[in-house]
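The values are calculated or read from the model by the stated rules, or taken from the named source; none is laboratory data. The structure displayed is predicted, hence computed values, not measured ones. Cβ coordinates were reconstructed from backbone atoms using ideal geometry, including for glycine residues, and neighbour counts include every protein chain displayed.
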Amino acid sequence: DSIQALMRENKEVLWGSMVKQTMIRKRPSFNEGYYGYSTFSKLLEDAAKHNIIELKRDPKSGTYIITSFAEAS
């Protein structure tokens, strides 16, 4: 939902941090620790492992960029 919202805003690059900020804006109580992840990056890595999103690392910062995501059915 957050990724789709950012795409509707025509964001060219979907930084992992932007996705987290959007999730917190939509659901202020969001915390990745509640779901068993020590960091938001770990949550993104798990989502990629399950083919929910595709990630790449930014060569300069080393942070994640979401390059694509599975459509919800």
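Does region 8-44 hold any residues that are of a type in the set (D, E, K, R) and crowded, with 16+ Cβ neighbours inside 10 Å, and which are they? Lay out the reasoning, then the answer.
Here is the first cut: in region 8-44, the residues of a type in the set (D, E, K, R) are 8-9, 11-12, 20, 25-27, 32, 42.
Matches in region 8-44: 20, 32.
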- Residue under evaluation residue 51, criteria (1) touching a helix residue (DSSP H, G or I) at 6+ places or on another chain (Cβ under 6 Å); (2) of a type in the set (S, T, N, Q); (3) at pLDDT 90 or above, criterion not met: (1)
- Checked pairs for region 60-73, first more than 15 Å from residue 45 (Cβ to Cβ), second modelled with pLDDT of 90 or more and aliphatic (A, V, I, L, M), C-beta under 8 Å and 6 or more apart or across chains, list as 68/53; 70/52; 70/53
- Message: For region 26-52, give me the residue count where each residue is touching a Leu at 6+ places or on another chain (Cβ under 7 Å) and of a type in the set (A, V, I, L, M, F, W, C).
- Response: 2
- Across region 13-72, what is the total count of residues that are assigned to a loop (DSSP other than H, G, I, E, B) and of a type in the set (Phe, Trp, Tyr)? 2
- Listed residues 61, 2, 38, 17; which is at pLDDT 95 or above and polar (S, T, N, Q)? 38
